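Read the structure below first, then the notes.
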Amino acid sequence: MERDRMAQVEVKDYALWIKHIHGNELLKRHLETLEPNQTVVLRVGGDEGLWRKMSAYRTTGHSTPGLSPLGPMQATWRALYRSLKSKGGGLVDIELVKDTSPAGAEEAPSRWEMASEAEREAAWEAFKALSKAGWRSEGPYGPRDELYERDDE
């Protein structure tokens, strides 16, 4: 891919914020001009994956200046964020590999039968990633009676 599309991005959140991209204004402007829900393939930190431009703000209708990882990239980005979180974030390389939906293209299919194999795979991977979302305890739960404050009598 063209070297002029390389940049670095700060990893500071579960989303990739366009304002955190440094070193390439062309890439930054290109990602800013994506339509809500438009997808691109980016290589971030050496891993290639699918990203979706965030939806527009409901109140103003302005585009949200960020991208969300899709499919396997979601787990990769989350792991990267968690590893750098204690350090307050970090910089990784970012490169545009290709646009998957050119400007003005229609939105993603509303029915699975109309989706491409890549879109189906990305949806399935995102769905599976939900099993890892939410609250988890780091320690043992202990006896059931203690958990529910019951006494055996």
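Computed from the coordinates by the stated procedures, all read-outs in this text should not be read as laboratory data. Here the structure is a predicted model, which means the values were calculated and not measured. Cβ placement follows ideal geometry from the backbone for every residue including glycine, while neighbour counts extend to all protein chains displayed.
Pairs exceeding a 22 Å alpha-carbon distance, out of K19/K128; K19/K85; K98/K128; K85/K128: K19/K128; K98/K128; K85/K128. By other beta-carbon atoms within 10 Å, ranking K98, K28, K128 with the fewest at the front produces K98, K128, K28.
Shown in residue order for segment 14-24 are the 3J(HN,Hα) couplings computed by the Karplus curve 6.51 cos²θ - 1.76 cosθ + 1.60 at θ = phi - 60°: 6, 10, 9, 8, 4, 5, 8, 8, 10, x, 7 Hz (x for Gly and Pro). Mean projection of the Cα convex hull over all viewing directions, computed for segment 1-66: 4.6 nm². For segment 35-51, backbone nitrogen atoms closer than 16 Å to the point 7 Å from H22 Cα along Cα-to-C-beta are found at 45.
Residues whose amide H lies under 5 Å from that of V97, counting only those 5 or more places away or on a different chain, are V41, L42, R43; hydrogens are built 1.01 Å from N in the peptide plane.
Ordered by the count of other Cβ atoms within 10 Å of each Cβ, fewest first, S131, S63 give S131, S63.
Amide H to amide H, with H built 1.01 Å from N, N37 comes under 5 Å of K53, M54, S55, counting only residues 5 or more places away or on other chains.
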